[in-house]
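The values are calculated or read from the model by the stated rules, or taken from the named source; none is laboratory data. Note that the coordinates shown come from a computational prediction; the quantities given were computed from them, not determined experimentally. Don't worry about glycine lacking a Cβ; one is built from the backbone with ideal geometry, like all the others, and counts go over all protein chains shown.
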Amino acid sequence: MKSRDPDIRRLLADYIVSHQEDFYRLAFSYVKNRDAALDVVQESIVKALSKVDTLREPAYLKTWFYRILLNESMNHFRRTSRILPLEELEQQSAPAGRDPGERLDLYDAIDRLDPREQAVIKLRFFEDMKLEEIARATDANLNTVKSRLYKALRKLRDMTGEDLRDE
């Protein structure tokens, strides 16, 4: 294992550099704040670099890192879930002219899902991960991932009135 360490570290560093926008996008989808998303990505990178020796199989680098990123994103979200100051609330409100009776925006609907369902939806559709990769990244059984995905798609369809499918 020690002889592979420099190779795994190099692989991890290359992966981080080439996918940093993807990491930021996923973190932002949880924390909804630019600076917080950057902090989450930075914390994830620090944690991954310090724990790289726990990665047993380099082929699972992607799912291993996404597990760290998801955990950091959800931890940050849990730590900072609070009532927003009025100024932030006004900045995040719906654009002027939008009829409140219109269907929910898809992203708003995703935010209303259970965190485990959100993770499956975001990894599947935003990060284009296969169900097997999602199962490894979320440390869940493949059938559990499938169940969460289809349950989440049903909920999203009910919330938005659109027929969403995983094809």
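Within segment 20-58, the set of residues being touching a residue at least 24 places away in the same chain (Cβ under 8 Å) and within 18 Å of Met129 (Cα to Cα) comprises Asp22, Phe23, Arg25, Leu26, Ala27, Ser29, Tyr30, Pro58. Within segment 17-40, being among the acidic types (Asp, Glu) and under 12 Å from the mean Cα position of the chain (by Cα) holds for one residue alone: Asp22.
Here is the figure for segment 122-163: residues that are assigned to a loop (DSSP other than H, G, I, E, B) and among the acidic types (Asp, Glu) total 5. When we screen Ala48, Ala109 for residues that are among the small types (Gly, Ala, Ser) and modelled with pLDDT under 90, the only hit is Ala109. Number of residues in segment 110-132 that are of a type outside the set (Asp, Glu), under 10 Å from the mean Cα position of the chain (by Cα), surrounded by fewer than 20 Cβ atoms within 10 Å (Cβ to Cβ) and closer than 16 Å to Asp22 by Cα: the value is 1.
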